[in-house]
C-alpha cells in the first residue's frame with residue numbers, strides 16, 4: 001500500500017519496526033454503561049428562639065437579666081441568619097467567580113463562521129471543582145470517554161485486471177469541538193473514499209475530510225452533529241517523565257472505548273516512521289493497531305497527545321508513541337482555517353522508497369534507493385533514482401525528507417538523479433503543498 005507523505009508524493013511502505021497501519025473492522029454492537037453522578041444539596045434548619053416564660057414573682061433584677069438574655073439571644077439569632085445569608089451569598093459569588101474563571105481559563109479558536117472550535121485549558125479543571133486537583137483514572141475516563149470516537153474507513157482501489165476492490169480500515173479520533181470537528185491520524189483516513197464515525201453512545205455519522213498533514217501524521221474530519229463533548233486541550237510542554245497517562249481508543253478496530261493507563265516514559269523522542277522523523281511522547285501505556293488517532297490524557301482529564309504508533313516486535317512491550325498536543329494544536333488550527341498546513345513544500349514528485357530486495361524485484365530494478373514514480377516537472381522522469389540534493393547524498397526517503405526540511409516555499413534546489421545509468425542534475429523550484 002502506498003501513502004502520501006509531507007511533500008506531495010506517495011511512498012511504498014517499508015517495514016520499520018513501527019505500526020501505524022489501519023486494521024480491518026468488523027461490525028460491533030456496543031453497550032455503554034451510563035455514568036451517573038448524584039448531587040445532594042442540604043439546607044440548614046432554622047429554629048425560632050424560645051424564651052422561658054417570665055414568672056410574675058420575678059424581681060426587677062431578674063427581669064432586667066431576662067431582658068439582657070433575650071437581647072443576647074436576638075443578637076445571636078441575627079448573627080446566625082446573617083452568617084447564613086452572607087455564607088450563601090459568598091458561595092453564590094464564589095461559584096460565579098469560579099464560572100467566570102473557568103470561562104476565562106479557556107482559549108478558543110473560531111472558524112470562518114464564528115463557531116467555537118478548540119478549547120484549551122489555562123488552569124487545571126475537573127468536574128464540579130475548579131481547583132487544580134488530580135482525578136483518579138476512573139474519574140478521568142468518566143469525564144473524557146464521550147470525547148473519543150471510533151473511525152472506520154473504506155477505500156476503493158483498482159486491481160491489475162481492472163477489477164475494483166474495497167479495503168476497510170479502522171482507527172480512533174478525538175472530538176475537539178461541540179459542532180463535530182474531530183482530530184485523528186493522517187494514516188487512518190489517507191485515501192479513504194468513505195469515513196464513518198461512531199460516537200460513544202453508539203450512533204454513527206458519515207464524516208467529511210477537512211484536511212490532512214502527512215508530515216505530522218494528523219488529519220481533521222467533521223461530522224454533522226451538535227452538543228458533542230469536546231476534549232479540553234492541555235499542554236504537553238508541562239508533562240514530566242513518570243507522570244501518569246491514560247489512553248482511550250479503538251484497538252484492533254473492534255474494541256472501541258478501551259482504556260489503558262501507564263506513565264509518560266520519555267519526552268521529545270525522535271522516531272522515524274515511513275520516512276518522516278517526528279518528535280513524539282513515549283509512553284508505556286498499552287497501544288495497539290486501531291488506537292491510532294485516539295487520545296492520551298493526563299489525570300486532569302486534559303488531552304496531552306494524539307496516539308499514532310507503537311514499536312512492534314516479538315520481544316517489545318510498552319513502547320507506544322503520541323504526537324504532543326502542543327505540536328498537534330498548531331496543525332489542527334491551520335487545517336481548520338485553511339484546509340492544509342501552510343508552508344509545507346511540494347516537490348511535485350511521487351516517490352517510491354525501495355529498501356527491500358523483494359520490493360526491488362516487484363519493480364524489476366537492481367539497485368535499492370529512492371525512485372521517482374511520477375513528476376510534475378518535465379526535468380525529471382519516471383524511473384529516475386535520486387542520489388543527491390544540493391550535493392548532499394540521498395539514498396532513502398528518510399534522507400530526502402531530512403534534507404528537504406532545510407528549505408522553504410520558493411527555494412530552488414539542485415537534484416541529482418541516475419537515469420539510464422548516467423548522472424543528471426536539474427533544478428527544481430519548491431511550491432506550497434495545498435492538499
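Summary table below
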{"quantity": "For the stretch 176-215, alpha-carbon Rg over 2.2 N^0.38 Å", "calculated": "1.21"}
{"quantity": "Ranked list, fewest to most other Cβ atoms within 10 Å of each Cβ, for 434, 402, 329", "calculated": "434, 402, 329"}
{"quantity": "Gained length - residue 267 relative to residue 408, 0.36 nm times residue gap less alpha-carbon distance", "calculated": "48.0 nm"}
{"quantity": "Relative compactness, the stretch 345-432, computed as alpha-carbon Rg over 2.2 N^0.38 Å", "calculated": "1.03"}
{"quantity": "Spin-label model distance (nm) - residue 366 vs residue 434, 7 Å beyond Cα toward Cβ", "calculated": "4.4 nm"}
{"quantity": "Estimated distance in nm for a label pair at residue 252 and residue 427, the labels positioned 7 Å out from Cα along Cα-to-Cβ", "calculated": "5.8 nm"}
{"quantity": "Kirkwood Rh in Å, taken over the stretch 130-220 so that all alpha-carbon pairs contribute", "calculated": "14.9 Å"}
{"quantity": "Highest to lowest packing among 389-399, 208-218, scored as the average C-beta count within 10 Å", "calculated": "208-218, 389-399"}
{"quantity": "361, 135 arranged by Cβ crowding within 10 Å, fewest neighbours leading", "calculated": "361, 135"}
{"quantity": "In nm, spacing of pseudo-spin labels at residue 133 and residue 337 (7 Å Cα→C-beta vector)", "calculated": "3.8 nm"}
{"quantity": "Gain upon complete extension [residue 420, residue 167; 0.36 nm per residue less C-alpha separation]", "calculated": "87.4 nm"}
{"quantity": "Spread of Cα-to-Cα distances over 5 Å intervals beginning at zero, given as percent, for the stretch 240-335", "calculated": "3, 14, 26, 27, 19, 9, 2, 0"}
{"quantity": "Sorted by Cβ neighbour density within 10 Å, fewest at the top, the residues 187, 408", "calculated": "408, 187"}
{"quantity": "Ellipsoid semi-axes in whole angstrom, largest first, where each is sqrt(5λ) of the Cα gyration tensor of the stretch 268-419", "calculated": "33, 22, 12"}
{"quantity": "Computed FRET value (nearest 0.05) for residue 356 with residue 224, which takes r as the C-beta separation and R₀ as 51 Å", "calculated": "0.75"}
{"quantity": "Using a Förster distance of 45 Å, the FRET efficiency for residue 376-residue 203 (Cβ separation, nearest 0.05)", "calculated": "0.60"}
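The numbers here are math on the coordinates, done by the rules we state, and not lab data. This one's a predicted model, so the numbers in the text were calculated from it and none came from an experiment. Every residue, glycine among them, receives a Cβ derived from its backbone with ideal geometry; neighbour counts consider all protein chains shown.
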